[in-house]
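Scroll down for the structure; my scribbles are underneath it.
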C-alpha cells in the first residue's frame, strides 16, 4: 500500500505577517511616527511594548515548533477536483514550550486547496493524529516539497512556519465524472440521440415508472406514450463480458486546432470508465496508442491505466480515418473508444465512440 | 466560562483601561475618559446588542453619528484644537462597537479604537497614574489576543472536521482553557519585561515635523508666563499641579531660605505688564562633553540641581542663582545677558536637566557702601518707566514722593531698598482674591495708594517701580519658589501654586541682588507649608521615579546608561583578568607574557565562562523552565502510577535502569511472579502517556492505579511469606 510518510530530514523556518498582523504593523508604524515626531517617552513606552509583543511572538512560536516531528500520510489514490483526506502525525519531543496553535499543511504539489488541520496543543512526549482535506485542481505528477507546520501563537500577529522538507512525487489522477451508466447499460439507449454512439448492444432489463432523480435520457418514450406516465428503462449489467476502453490522445492531421479542455474532459471520461469499472468489478482492458493493459498481463492494470492518464498529453499523429488500434478485438468484447479530439474517425462497428461531440456535451452539462 | 464571554469581559476591561488612561491624562480628556468608563459599565449591564431591535438600533446610531459629527466639527472650528474632539469621536465609535459586539471583526475594531485612546492619553499624559491603565491594557490585550487565536483556531478546526465528517460545526462556544490562560498571563508579563529592556535602548528622536495637538498652552497651565500681567495670576496660585521636581546637592540645602528658581528676567514695564525687552545676549552651543558653559563663577556656594520639568509651554530654563553650566536636551541655548537662559523651542514634553549654579554671598557692609544715587548710564533700560494712561509722569512723581517718605534719611542703596521692601511687606496685605479693577483704574497706583492689597506681582512691580522712580536700576524676575520638600525622595516638589515674582536691584561692583517685597503669606504656597505624610511622600516619590526614568528619560540618560554599563563590563573584564593572572601566578615555572601563559589564560577564562554558564543555567534558567513547564503537572500525574511502581520495585531490591524503556523493564522482570502485572502496568503507562484520546487516557490511568495496588498487595504477601 503506497503510504507516503514524510519524516523530518531537514527543516527551515519562515515568518509571515498574518491578517491581524497587518493591523498591528500599521499601528506600530503610527506609534513609531508619533514617537519620532513628539519625542514623547510614553509613546516610546508603547512602542517598546509593541516591540515586546513581536519579540514574544517570535520567541514562543519558535519554541512551539522546536522538537516537533511531523509525518504525513496521503491516500492511495488522489483524484483531481475531489477532496481527499490527508493525515498528519505530529509528536513533540523535549522542549521548554508545548506546541501551541499548530496548523498543518503541505508545500508544493500543484498548490492544492487545503482545509488545514489545526492542533490547539501538543504536549511534551505527545503524539497526535490529525485529518485535513485537500483538493488538487488538475491531474498530473507533482512534487510535494514537504509538510509545513505553522504556529501563530500567542497573538496571531506573526505566524512562523516550519517546513519538514522532503521531495516526493505525487500522482494526481484525472477528475472522475458520474458516467457509470455507460458501463451499466452497455451503452444501449443512452445516447440514442447522439449520432456518435454506434453499434449499441442489448441489455434492457425492465421498464418501470419514473422516479425523481432518474436520467431523462433513459425515458422509454413508447411506454410513456402508451401509459400516459413517464416510464424509464432499466438496464442489465452484462456480467462476465469484457469491456475494452481505448483512449486516443491523438488528433487527426486533418482536424483543426485541438482544445485543451476537450482533451481534459476526454481524459476524465476514460479515467471515470476505469474507476467505475473497477468499482463495479468489471473485466476491463485498457488501451491507448502504444499501450495495452489487460488483466492477464497486468495485475494492477486499472491503476496503471490511471497512471497513464495522469500524465497523458494531447498529440498530433492520427494518420488513418480507421486506426488499427482496435484490431484483434473479439466479438463479445464491448468496446468504448474515448476520442476527445476527433469527431469523424471510424472506429469500426459495434464500438461506442465517446468523441469530441460527446466531450462538448459533457462539458456543457458540467457547466 | 466560554471564550466568547471571556472575550467580552476582556474587551470591556480594555475599554475601561483606555477610559482610565484618558482620565489620568489631564483636564482636556478627563471628562471624556470618565464618559468612556461609564459607557463601558452600561455596556456591561445592558449586553452586547443595544438597542436590540435592529431597525430601532439603526435609527438610533445614525442619529447619534449625525449629532457627534456636528459636535466634532463645531468643536474643531470653535476651539481650533484637534486632539480632544478626535478623542471624543473615537470614544463614540468605541461606544457604538461596544453596543454592537457580534463578530470577530467587531472585537478587533474595539481593540484598535481603545488602542487609539491609549495613544492619545500617552501623548498628553505625564502623570504616573497612567501606568495603572497602561499595564491593565497590556494584560487584557494580551489575554484577548490569545483567546482570539484559540477561538479562531478552534473555529477553523471545527470547520475542517465538519467537512470531513459531514456533520455541521458545533454551535456552542468552547470554554476557556484555564491552563492556557494562565500561560497567556505569563506571556503578557514577559511582554512587559521585554518592554522594560527595550525602552531605554530605543533611539530617541524628536523631529516636530507633524504638529502636535498637545501644544496648546492651555494644557500646560503652570502659573508661569514670559509676560507678566498684573492681576492675571490669582486663579493659578491655588493650583496644586506639579510643574517640576528639583533635587539639590552641593550647598543648596544650607541656603534653603534664599532659594528661588529663576525663570525669566523682565525689564520693560508698560504700566500693566512686564515684557522681556532684551534682545541682546547670544547663543551657546553644546560642548563636546555634553555641557553648555554659560559663565565662570567662584567655586564656593555651588549648587547642583537636577530638575525634572513638566510641560510648561515656555522656553525658559529654570535654575537657582547664576548658571555656570547646564546639561540637558536643549539643542542650543540662548543667554539673554540678564541671567536668564532660554531653549530654542517651548517645552511641550517632560525632560530632565542638570545645572551647576553659583549663589552670590550677601556681604551687607559691601552693599551698604553703595551710595543711594550712582551714575549708571549703561543700565538705562532698568530705569525705564512708562508715561501713558496706565502710569503717567504725575504718577511717577507721586510714587517718588512716597519713596522719599519711606526711605527717609537712608544714605545708601541697600538700606533704602530694604526699607521699601519692609514697607511693602508690613504695610500691605497679600491676597489672591482681588476684586476686579475698573477699566479706567490704574492698577499699580491703585495698589500703592488705594487698595494696598495684591499678590506677588503687584509687590514685585511696586518695588521695582519705586526703585526706578528714584534712579535705582531694578528689574522683575518671574519664576518659582522651591515648593514642598519631600523627605522620602529627598527632592522639592514645585507646583503651579509656587509661581512667584520678585525684584532685583543693581549694586555697582557687586551685581544684582534679590529683594522679595511680598508679605510672608505670599512667599509660600499652601502646599509648601505642609509636610507630606508618609503616603503622600511615597506617592510623590513614585511620581518622581516615573518622571525621571520614564517621562524624562532621554538621549543623555541613554548615553549615561551605556557608559555605566560599559564601565561595569570593563571593570568585570579587568577583575576576570586579574583573577586569572593571580591564579596563573600560582604556577611558578610559568613565565608571564609567554605564549603558553597566554594560551593557558584563555583556557582558564573559557572554563570560567562555562562554569558561570552552568551556574546561570542551574540557578536561573532551569528553575524558570520548571516554572513554565509547571502546567504539565496534570499530564505527569496521569502517569504517576508507573513511577510509583518503579520505586516500589526499587525498594524491594530490583535494579531498574532509568534509561530503560518500559518494555525493557518488563522483560527483565518477566520471570518474576509479578512480571505479568508489571507488564500490564507498563501497557497502561504507554496508553496514558501516548494516547491522544482523553477517554483512553483516563481509562489507562484508572487501570494503572488498580494494577499498582495489586502490585503493592503482591509485595506485601511476598513479604509476609518471607
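Per-structure values
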read-out: Residue order, fewest to most beta carbons within 10 Å, for B:287, B:229; value: B:287, B:229
read-out: Relative contact order computed over the range A:82-185 (Cα-Cα under 8 Å; 6+ residues apart), in percent; value: 28 percent
read-out: Shielding by other protein chains, B:176-186, mean Cβ within 10 Å; value: 2
read-out: Residue B:60-residue A:22 FRET efficiency (beta carbon distance; Förster radius 51 Å; 0.05 resolution); value: 0.95
read-out: Two-decimal Rg/Rh across chain B, once Rg and the Kirkwood Rh are taken from alpha-carbon atoms; value: 1.15
read-out: For B:359, B:186, B:614, order by how many other beta-carbon atoms lie within 10 Å, fewest first; value: B:614, B:186, B:359
read-out: Global form of the range B:382-463, assessed from the alpha-carbon gyration tensor, a/c cut-off 1.5; value: oblate
read-out: Helix-only CD estimate at 222 nm, as mean residue ellipticity for chain B, using -39500 (n - 2.57) per DSSP H run (n ≥ 4); value: -16500 deg cm²/dmol
read-out: The range A:46-157: radius of gyration over Cα atoms, expressed as a fraction of 2.2 N^0.38 Å; value: 1.22
read-out: Cα-based helix-to-principal-axis angle, B:27-46 vs chain B, degrees rounded to 10; value: 30 degrees
read-out: Radius ratio Rg over Rh of the range B:1-92, counting only Cα atoms, Kirkwood formula for Rh; value: 1.03
read-out: Taking the convex hull of Cα positions in the range B:448-525, its mean projected area over all directions (nm²); value: 6.5 nm²
read-out: Ratio of the Cα radius of gyration of the protein assembly as shown to 2.2 N^0.38 Å, where N counts its residues; value: 1.45
read-out: Average beta-carbon neighbours from other chains, 10 Å sphere, peptide B:199-206; value: 5
read-out: Whole-Å semi-axes of the ellipsoid equivalent to the range B:80-206 (Cα gyration tensor, √5λ, descending); value: 34, 21, 12
read-out: Convex hull projection area averaged over all views, the range B:533-575, Cα basis, nm²; value: 4.2 nm²
read-out: Cβ-based exposure ranking for B:562, B:268, B:492, in which fewest neighbours within 10 Å come first; value: B:562, B:268, B:492
read-out: Interatomic Cα distance distribution for the range A:13-64, bins of 5 angstrom, percent; value: 5, 18, 25, 22, 15, 9, 4, 1
read-out: Percent of alpha-carbon pairs separated by more than 18 Å within the range B:275-381; value: 57 percent
read-out: Residue mean of other protein chain beta carbons inside 10 Å, B:352-358; value: 0
read-out: Helix axis angle, B:3-25 relative to chain B longest principal axis, alpha carbon, degrees; value: 20 degrees
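The numbers here are math on the coordinates, done by the rules we state, and not lab data. Because the structure is a prediction, the values reported are computed rather than measured. Ideal geometry is used to build each Cβ from the backbone, glycine not excepted, and the neighbour counts take in all protein chains shown.
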